[in-house]
Amino acid sequence: MKRTSEESQSRLPDNSALKQQQLPAYRLQLTATGVLSGFFATGVFCLGVGIILILSAKSIKEIEIKYTKICGNCAKLREDATNFDKECTCSIPFYLSETMQGNVYMYYKLYGFYQNLYRYILSRSNSQLLGTDLKDVGSCAPFSKSHDGTPIAPCGAIANSIFNDTIILSYNLNSSIPIEVPMLRSGITWWTDKYVKFQNPRSKNLSTAFAGTTKPPSWVKPVYELDKEDPENNGFLNDDFIVWMRAAAFPTFKKLYRRLNRIQYFTEGLPAGLAYTVTGAVTWLASFSMMAIHLMLKDRKMFFIQQ
Amino acid sequence: MTVPKEMPEKWARAGAPPSWSRKKPSWGTEEERRARANDREYNEKFQYASNCIKTSKYNILTFLPVNLFEQFQEVANTYFLFLLILQLIPQVSSLSWFTTIVPLVLVLAVTAVKDATDDYFRHKSDNQVNNRQSQVLIRGSLQQEPWMNVCVGDIIKLENNQFVAADLLLLSSSEPHGLCYIETAELDGETNMKVRQAIPVTSELGDISRLAKFDGEVVCEPPNNKLDRFSGTLYWKESKFPLSNQNMLLRGCVLRNTEWCFGLVVFAGPDTKLMQNSGRTKFKRTSIDRLMNTLVLWIFGFLVCMGVILAIGNAIWEHEVGTRFQAYLPWDEAVDSAFFSGFLSFWSYIIILNTVVPISLYVSVEVIRLGHSYFINWDKKMFCAKKRTPAEARTTTLSEELGQVEYVFSDKTGTLTQNIMVFSKCSVSGRSYGDVFDVLGHKAELGERPEPVDFSFNPLADKKFVFWDPSLLEAVKTGDPHAHEFFRLLSLCHTVMSEEKNEGELYYKAQSPDEGALVTAARNFGFVFRSRTPKTITVHEMGTAVTYQLLAILDFNNIRKRMSVIVRNPEGRIRLYCKGADTILLDRLHPSPQELLSTTTDHLNEYAGEGLRTLVLAYKDLDEEYYGGWAQRRLQASLAQDSREDRLASVYEEVESDMVLLGATAIEDKLQQGVPETIALLTLANIKIWVLTGDKQETAVNIGYSCKMLTDDMTEVFIVTGHTVLEVREELRKAREKMLDSPHAVGNGFTCPEKRSSAKLPSALEAVAGEYALVISGHSLAHALEADMELEFLETACACRAVICCRVTPLQKAQVVELVKKHKKAVTLAIGDGANDVSMIKTAHIGVGISGQEGIQAVLASDYSFSQFKFLQRLLLVHGRWSYLRMCKFLCYFFYKNFAFTMVHFWFGFFCGFSAQTVYDQYFITLYNIVYTSLPVLAMGVFDQDVPEQRSMEYPKLYEPGQLNLLFNKREFFICIAQGIYTSVLTFFIPYGVFAEATRDDGSQLADYQSFAVTVATSLVIVVSVQIGLDTGYWTAINHFFIWGSLAVYFAILFAMHSNGLFDMFPNQFRFVGNAQNTLAQPTVWLTITLTTAVCVMPVVAFRFLKLSLKPGLSDTVRYSQLVRKKQKAQHRCLRRVGRTSSRRSGYAFSHQEGFGELIMSGKNMRLSSLALAGFATRSSSSWLESLRRRKSDSAGSPSAGPDKPLKG
């Protein structure tokens, strides 16, 4: 390649900082002051956050009632999937030792329910849930169409496996007459879910809007009859439905069922607080030991340099 | 030359060549070549290669298919193609097809663009060479044709200083007897001129009309790569003439001192010996490349292991848990058992986890190397202002290997030296001249020097000659008889030819630059050698012309190491002038002036100590009677049939005795600028430098001293010159014994030499403490490189501080490099300037060519080129070191970030029923490697610096980590992987722990899959960004821009992907609608991200800080301390100091061939005009040439270089 000997003019490379690798730059160095102060600061921060979290977590009271065994007969009934439409009720009394102040939330919690399976998560049709194209059930296998070929609405495995237990909280003051605690079923979903992601098909009457579709095989009622009390809470816009459709990340999960009040409150869990505290403590410990080592070595380093 | 008597049977039918015509079959089976002059039609039958050279690979049409085909031969690319196909299977696909195809297309495109640019430049250079003009004789007239149109059988005309266009048979030339001088530097690196001669019958074809009628046919051997051999026959006018290499002009040679010549093209283009020799360029891979390939294989194995674990997990899960979940999600139709489900999930996981084998790795590495190459091209400090050549990285794939070089093999002539001889000092009758200022003669000190000596009194002086000591000229001017005799000798005793184009414009044709320098010195000091005939020499002595009768030239040869002339001055006195090596000449002096002898010897020692090439000058008066008798004896000896050489030698010996010492000269073989400093610095950087030169031992050793490779402080310099296997073995054994027995040696249980096994030897020899050097000559090297001795040789050589191989052939150069490469597992670098260095440049891991010379062969074969040897220190210590550092940091980080990214899926597998569910959004998976994390690490790989460049020159020891391969090796790789896995564990389990319990601040669930995905992805991006921030040692604006920019782009894309607009358009593609704003608005999520980052980064910082405190590397120390710098600088200066105590070294350093004396005396090389002046007896026409060649071959010592054998069947 003869270009070495040709183009003899202007072959002197540019004297730019970039080309001469002389760009002004900050040279990162792990200096003792920088590292140690960083560690102390991180330690302080973590400890602080951790303590705040622990304190705030302490004010949260949690009661977990497992009813799988207590309502054993119902569980047994449900083991046979064909009995999905048979009603079964049971009641569990529990006692609150102190009053719960502030917000009260009621969750249902499932153990070992794999909402995060690859095929399960994909088995839904966003365009159907958006109400634009009820017949779009392409991604809903294996629950896309009924045996006779009618598209299912809402289609897919997630919708089909909806948690449909009804939980009623009653208050037994002293007698045997239970007073039902009024729980709010609204405000348990994300705003974007309720107003962007889920929309009912446009029609005056919900039942006509869903004409030409059929209910999921495991459902007792069609989607437009989910809430008989509140006509707005039907179709794809049913809050329980939306909550269920937001698939959980882990096989053990809890989902918000009802709420009692609406005052903002800090609800971080206890483990995070503990983790922060531990991290902060460890960081402090580390920074102290590092400082010790550093100070010890400082003399040695100076000696080495002077050699 | 005469036709051999016995003709081969094949060509027995006298006269015309055998008439069978044979189509040239496919390539490689050509048995003989026939070319008829001026008959293109006839020659076309054979379909010989045209003179067009093609090094390019593609044209516009073939580019895409051929390039893609080549790219898919890369294992990595095929692997991703395979992945792509896997993803198209719906049962297996766990990721959308675009997660693989986008990076793959990007990678292919980048590589294709690079290949296309490379090929474009190849096209350009091909065109340029192919379009060089040459004069071709077509239909009786000379026509300008580009080189590519020259065909076999054409007659072309060459003019002085032109490159030979193809391999030619020399037909005739402007010089008498069809002689022609060529320089073969391009071919074999020898810069002295060589003589070629046309065969007598064609040498008369001087004019075009006769040449146009020439219809001889050449039948010769097929194309081959033997530069020193050619055999063929010319059939013309019913007779046959044997052809040898002596009649050939090879492509790549340059015509010198010959006005014009005509040649018949025998081999063209790819068939020429030059191109046949250039060989196929081997694709060079760096050790990091090889390591990377191994690691990728390991990672692949690791990937399969993870796949198997997860597949087994899936099978078990489906069996134990999944069966109960089937009511909610029945198996796919294709799946009929848990086992099969596991099998499918294996492939799904291979797809998901494929990002541990990072597709962008290879392309990123190439981009970084390209950046480093550009830095080399752009480096102003490697730009040679004189030659206007910048450094050039011709290969862009080797840059980090420059930081690992352990052995440098250097050519001498043109690389270490400028091949310019400068008359620098002399000693005239006990007084030394020229020793004015500093020894090294640095240009830098020009300002301190006085004006050079003014030679304006002498109209014939050479303007370029520079001498610094005015006292010598004064001595000449005042008429000091010694000084006069001194320069008279220099102007008479030589074999230089002069040419005077115009009055006063003298040109000397010297066979060696040494002689040229001496004669030019005499010329400037007023003793101008003006002209010569076979019998006379005319010298202008201080302005008056004096003609000496030349009675005899007692020619130079390797054994005599001296040359003499016997002249009769106009007064009729006969005097013998002799110059020669001090060791030889000092013994032949008249012993009387002992004092003069001792002072001259002192001067010689002084000169030798400075690395100058010395000669001793002496004369002797002969009386007429004695000379008459001697001339008679000489004639008898020269006519003797047997042992003519010996007899002549003894006759010469007889007369060259009892001579009177005149003085001594010292010629500086001018080193390239800064060579000793560079060598000293590289030696400090633990780089071993071997000099491999075709030059003679004395010259090579001298250069060794002058560039401080050899010093007088050395314990011993071993010289191996044995001619037989046994001798060489013995010499090597002795050298080793000496090294081990010397008191310096550290005896590690080494008392019993018999016990040494060859396996233990190296380690023992490594410990040798004394400084030794090895000088080995070509013929010994030939034995030393044989299979049974090569290890012995290598051990010995590697224990020496310096190794000089002299008189080596290009092939041997390559063999030596190969030997070290094979057995030492070290990175080798070869640097040279000539075509004789091409083989070694190609063999070494890194080849460096010295550019800016006339020849470009070495540059073409090289990976890096620049015009000064001294730039090597910058190339290695600055660019190489940085490249290596950057590449290592890049690789560490790259593997780290991919493991941190990918392993999260593995952990998640245990929580999602091993269903090949990804943790992240698929867009994140697509973009993570190519958008979110690519540019910061690229910026680090291109721009990072640990210490400023001045420091790496000041502390050559900083180069050592590269040689020891410390920054990226298997251990470092596992550390990166471990760190990556650690990060993946934390980025998964911390959010897991938080999400399992926590709820959003409005009480609703936090632990939904999409929020989890966003949290993990965000914390991962932040963690790896902080990590790259820690790894980046040199934060330029670009690094800032890329790091902050990547983070910004991440959030921008995240919010865009999760926006309502995109969801409304493609509800099924963008499922994460609203996720970013809902999740990232949660303080819990941010606390999680902060916690993850802190926990991931803090231990790394702590570890690095402790390492810095407990075990700082040199670069760390350098950064910290200025005190150390001062100390080392002092050390440095110490090492550079020149040892003034010197040994005596003979420096008869004529690098020319012997035999020119005879040539001159025969008058063969003189124009007819000058010949007419002399009535001398003509001798047999070819004997001088014969003897010239014979001697040359003897001195070269290799039988293969012998004279052409007579033709045999």
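Read-outs: derived from the displayed coordinates by stated rules, not from any lab. Keep in mind it's a predicted model, so treat the numbers as computed, not measured. Don't worry about glycine lacking a Cβ; one is built from the backbone with ideal geometry, like all the others, and counts go over all protein chains shown.
Farthest toward the dipole's positive end in chain B, which of B:F80, B:F1055, B:L819, given Cβ charges of +1 (Lys, Arg) and -1 (Asp, Glu) about the Cα centre?
Of the options given, the answer is B:L819.
Which three extents, in angstrom, do the Cα atoms of segment B:1032-1083 have along their principal axes, listed largest first?
On the principal axes, segment B:1032-1083 reaches 44, 27, 13 Å in Cα extent.
Rg to Rh for segment B:963-1023: what is it, with Cα atoms only and Rh by Kirkwood?
On the Cα set of segment B:963-1023, Rg over Rh gives 1.25.
With axes computed from alpha carbons, what is the tilt in degrees of helix B:881-909 against the longest principal axis of chain B, rounded to the nearest 10 within 0 to 90?
20
Report, as an integer, the average count of C-beta atoms from other chains found within 10 Å of each Cβ along B:910-916.
5
By a straight-distance test (C-alpha under 20 Å), which aspartates and glutamates pair with A:K228 as possible cross-link partners, with residues fewer than eight away in the same chain excluded?
In chain and number order, the partners are A:D85, A:E87, A:D165, A:E180, A:D239, A:D240.
For B:F556, what residues show an amide H to amide H distance below 5 Å, using hydrogens built from the backbone and excluding near sequence neighbours?
It is B:G1155, B:G1157, by chain and number.
Counting only Cα atoms, I'd like the Rg/Rh figure for segment A:49-169, Kirkwood definition for Rh.
Computed over Cα atoms, the ratio is 1.09.
Against the empirical 2.2 N^0.38 Å scaling, what ratio does the C-alpha Rg of segment B:903-1020 come to?
Relative to the rule-of-thumb radius for its length, segment B:903-1020 sits at 1.51.
Taking 8 Å as the Cα distance limit and 6 or more residues as the minimum spacing, I'd like the relative contact order of segment B:793-884 as a percentage.
Once divided by the residue count of segment B:793-884, the mean separation gives 19 percent.
Which pairs break 29 Å Cα to Cα here: B:K54/B:K870; B:K463/B:K579; A:K86/A:K197; B:K381/B:K1111; B:K708/B:K821?
Too far apart for the 29 Å limit: B:K54/B:K870; A:K86/A:K197; B:K381/B:K1111.
Name the residues whose placed amide hydrogens come within less than 5 Å of the amide hydrogen of A:F253, ignoring near sequence neighbours (fewer than 5 apart) on the same chain.
Excluding prolines and chain starts, which carry no amide H, the hits are A:L110, A:G112, A:F113.
So what's the convex hull volume per residue for the Cα atoms of segment B:486-563, in Å³?
Taking only Cα atoms, segment B:486-563 has a hull volume of 91 Å³ per residue.
Among the listed pairs B:K509/B:K670; B:K387/B:K842; B:K387/B:K670; B:K226/B:K387, which are separated by more than 22 Å between their Cα atoms?
Beyond 22 Å between Cα atoms: B:K387/B:K842; B:K226/B:K387.
Measure nothing but the geometry: give the 0 to 90° angle between the long axis through the Cα atoms of B:725-741 and the longest principal axis through the Cα atoms of chain B, rounded to 10°.
60
For segment B:146-297, take the alpha-carbon Rg, divide it by the Kirkwood Rh, and send me Rg/Rh.
1.15
Pick out, from B:F924, B:S952, B:Y982, the residue whose Cα sits farthest towards the positive end of the charge dipole of segment B:919-986, with +1 on the Cβ of Lys and Arg and -1 on the Cβ of Asp and Glu.
B:Y982
B:K273: which aspartates and glutamates have alpha carbons under 14 Å from its alpha carbon, excluding same-chain residues fewer than 8 sequence positions away?
Once the sequence-local aspartates and glutamates are set aside, what remains near B:K273 is B:D167, B:E186, B:D188, B:E221, B:D228.
Convert each backbone phi in segment B:397-404 into a coupling constant with the Karplus relation 6.51 cos²θ - 1.76 cosθ + 1.60 (shift: θ = phi - 60°), then list the ³J(HN,Hα) values in order as whole Hz, x for Gly and Pro.
With coefficients 6.51, -1.76 and 1.60, one gets 10, 10, 4, 6, 5, 4, x, 10 Hz.
Go through segment B:249-255 residue by residue and turn each phi into a ³J(HN,Hα) via Karplus (6.51, -1.76, 1.60, θ = phi - 60°); whole Hz please, and just put x for glycine and proline.
Karplus-based 3J(HN,Hα) across segment B:249-255 equals 10, 9, 4, x, 6, 10, 6 Hz.
Just to be sure I understand: if I project the alpha-carbon convex hull of segment B:109-185 onto a plane and average over all orientations, what area do I get in nm²?
7.3
What are the aspartates and glutamates whose alpha-carbon lies under 15 Å from the alpha-carbon of B:K970, with same-chain residues fewer than 8 places away excluded?
B:D289
In chain B, with Lys and Arg counted as +1 and Asp and Glu as -1 at Cβ, which of these residues, B:I1160, B:A116, B:L622, has the Cα nearest the positive end of the dipole, that is, farthest along it?
Working it through, the farthest residue towards the positive pole turns out to be B:L622.
Using the crude model of +1 on Lys and Arg Cβ and -1 on Asp and Glu Cβ, and no other charge, please compute the dipole size for chain B relative to its Cα centre, in debye to 20.
Rounded to the nearest 20 debye, it is 620 debye.
Could you state, as a whole-number percent, how many of the C-alpha pairs of segment B:891-963 are farther apart than 20 Å?
For segment B:891-963, the share of Cα pairs beyond 20 Å comes to 53 percent.
Over its Cα atoms, what ratio of radius of gyration to 2.2 N^0.38 Å does segment B:624-725 give?
1.71
Return the subset of A:K66/A:K254; B:K124/B:K813; B:K284/B:K824 for which the Cα-Cα distance in this structure is over 22 Å, preserving the input order.
Over 22 Å apart, Cα to Cα: B:K124/B:K813.
For chain B, what log10 I(q)/I(0) values come out of the Debye formula at q = 0.06 1/Å, with one point per alpha carbon and no solvent?
Reported log10 I(q)/I(0), two decimals: -0.65.
Summing Lys, Arg as +1 and Asp, Glu as -1, what charge do residues with Cβ under 13 Å from the Cβ of A:E87 carry, A:E87 excluded?
Within the 13 Å Cβ shell, the charges total +1.
Can you compute 3J(HN,Hα) from phi for each residue in segment B:372-389, using the Karplus curve 6.51 cos²θ - 1.76 cosθ + 1.60 with θ = phi - 60°, rounded to whole Hz and x for Gly and Pro?
Each residue of segment B:372-389 in turn: 4, 5, 5, 4, 5, 4, 8, 6, 5, 6, 10, 9, 9, 5, 5, 9, 6, 10 Hz.
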